[in-house]
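Asks: Can you keep this structure in mind? I'll have questions shortly.
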Amino acid sequence: MSRNHSLLLGAALSAFSLSCNVISPPPLMPNLARVAPNEPGDTRVMLVVGLGAGIWLDAGVGAELRVESQVNEWATVGGGLSGALNLDDDGDDSGSGFLPRHGHPRFLYAARTWGRFNPGELDWFALKAGAGIAGTNKGTVALTLDGAPLFGHSFEVGGEAGSAPWLVSPYGGPVVALSVPLRQGENIMDQKISLGLGPDMHTTSHREPVPFTTTFFVGAQGGLAVDAPGAPAWTGALEILSLLGISDTHAAVLMGIATGQGVRVRP
């Protein structure tokens, strides 16, 4: 079997996956913020951690440092740097009759920038678009593009006796993305097995390199953001993300969960 690697800052963070299919790394798409805009000038700094896996995928864990700023009443811009670790061993299995796995990345890194826009200054709907670069310790580099419409609402909690209320904000929506390999790096090796079906035919296996190809992703995300009143103030979010990745020859289902914790400041 061949293996796939991918980054899932999955519902909210970057997470690393390896599977029986080879697809190009997806972008870091967790929103981890309420749909309604903040006050112009507000800046959010967050540390994000998350776990990614899927159907026939190895598990992975990652972290991201992200910053975003509300530049005016309807636009937010931000960026993040992340890294992820493959949790499954890629070593040889001397007790197995199969050839050892080969070429699986152990580490993945990514950088991404994005914008979130509230058309007509709506507080329940936003459009988000991002672009980034993802790479592995095996030399693979990919350009990533993504977009999503987001729907949500903020509820005020507390605020009695003259104190300002907390904002609890569920959100969600569909997502689409594209990952375009810019550099192949070291290919993942696909193990081919030929079964011996006769007395004079023996089962054999060999490995073939599998190149990364442009991969299209479609899926959905949903989360809950919580903001304390005032500034500086605590801000946090929890998100779940699910993606179907389809390339010319392979497909994979990716899932992730992530949480972000940080602070909102106002100059």
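Computed from the coordinates by the stated procedures, all read-outs in this text should not be read as laboratory data. Quantities reported herein were computed from a predicted structural model and do not represent experimental measurements. Backbone-built Cβ (ideal geometry, glycine too); neighbour counts: all protein chains shown.
Asks: Once both labels are modelled 7 Å past Cα along the beta-carbon direction, what's the Leu81-Thr214 spacing in nm?
Replies: Placing both labels 7 Å along Cα→Cβ, they lie 3.1 nm apart.
Asks: Sticking with this structure for a sec: Starting from the Cα-Cα distance between Leu65 and Leu145, subtract it from 0.36 nm times their residue separation and give me the gain in nm to one decimal.
Replies: 26.9 nm
Asks: Follow-up question, since we're still on this one. With r as the distance between the Cβ atoms of Ala233 and Trp124 and R0 = 22 Å, compute the FRET efficiency 1/(1 + (r/R0)^6) and round to 0.05.
Replies: E(calc), rounded to 0.05, equals 0.50.
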